[in-house]
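**Q** Sharing a structure, written as structure tokens. Questions coming.
The values are calculated or read from the model by the stated rules, or taken from the named source; none is laboratory data. Here the structure is a predicted model, which means the values were calculated and not measured. As a convention, Cβ positions derive from the backbone with ideal geometry for all residues, glycine included, and neighbour counts pool all protein chains shown.
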Amino acid sequence: METIHKIGRRKTAVARVYVSEGKGDITVNDRNLEDYFSTGVLRYKVKQALSLTDSEDTYDVKVNVYGGGTTGQAEAIRLALSRVMCEVDAENRSVLKPEGLLTRDPRMVERKKYGQKKARKKFQFSKR
């Protein structure tokens, strides 16, 4: 198996994932997964696609991720890894699809409009 390359996005975060056969090492921006993501919840999100397909110790994962915050980056990596798992074996799709891991979350920050304080909030209205 050669290296498989996929892209995942979430909010403004973009993750490029390179998966090759190995012993389960996950590297994010040339750092270990535990060093890059401090909380267990984010580490779980990154590994979720691998654990559902029972391939945590089968592949080495190298990730380049930029933009957004830590949660957006973790979810972008999760989407990219889910896409890789579907390319490795088409039967993985039936496991990942019901969990919602193959759906690109379209929610973005709404832009600020002119004449308003924020995206939805208006300036204080004075009647008199």
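**Q** Would you check if residue 101 is in a helix (DSSP H, G or I) and within 17 Å of residue 11 (Cβ to Cβ)?
**A** No: the conditions fail for residue 101.
**Q** Only one of these is modelled with pLDDT of 95 or more and within 18 Å of the chain's Cα centre (by Cα): 79, 101. Name it.
**A** 79
**Q** Here is a further query. Got a sec? Which of 120, 83, 111, 107 is touching a strand residue (DSSP E or B) at 6+ places or on another chain (Cβ under 7 Å), charged (D, E, K, R) and either within 16 Å of residue 10 (Cβ to Cβ) or in a loop (DSSP other than H, G, I, E, B) (or both)?
**A** The match here is 83.
**Q** Do any strands (runs of 3 or more DSSP E) lying entirely in the stretch 1-72 carry at least 2 residues that are in contact (Cβ under 8 Å) with a residue 40 or more places away in the chain and surrounded by 16 or more Cβ atoms within 10 Å (Cβ to Cβ), and which ones are they?
**A** 4-10, 13-21, 59-66
**Q** Here's a follow-up. Among (1) polar (S, T, N, Q); (2) assigned to a loop (DSSP other than H, G, I, E, B); (3) surrounded by 13 or more Cβ atoms within 10 Å (Cβ to Cβ), which single condition is residue 92 missing?
**A** The failed condition is (2).
**Q** Then there's this: On the given criteria, is residue 128 out of contact with any Cys (no Cβ under 9 Å at 6 or more places or on another chain), among the basic types (Lys, Arg), in contact (Cβ under 8 Å) with a residue 12 or more places away in the chain and part of a loop (DSSP other than H, G, I, E, B)?
**A** For residue 128, the condition - out of contact with any Cys (no Cβ under 9 Å at 6 or more places or on another chain), among the basic types (Lys, Arg), in contact (Cβ under 8 Å) with a residue 12 or more places away in the chain and part of a loop (DSSP other than H, G, I, E, B) - is not met.
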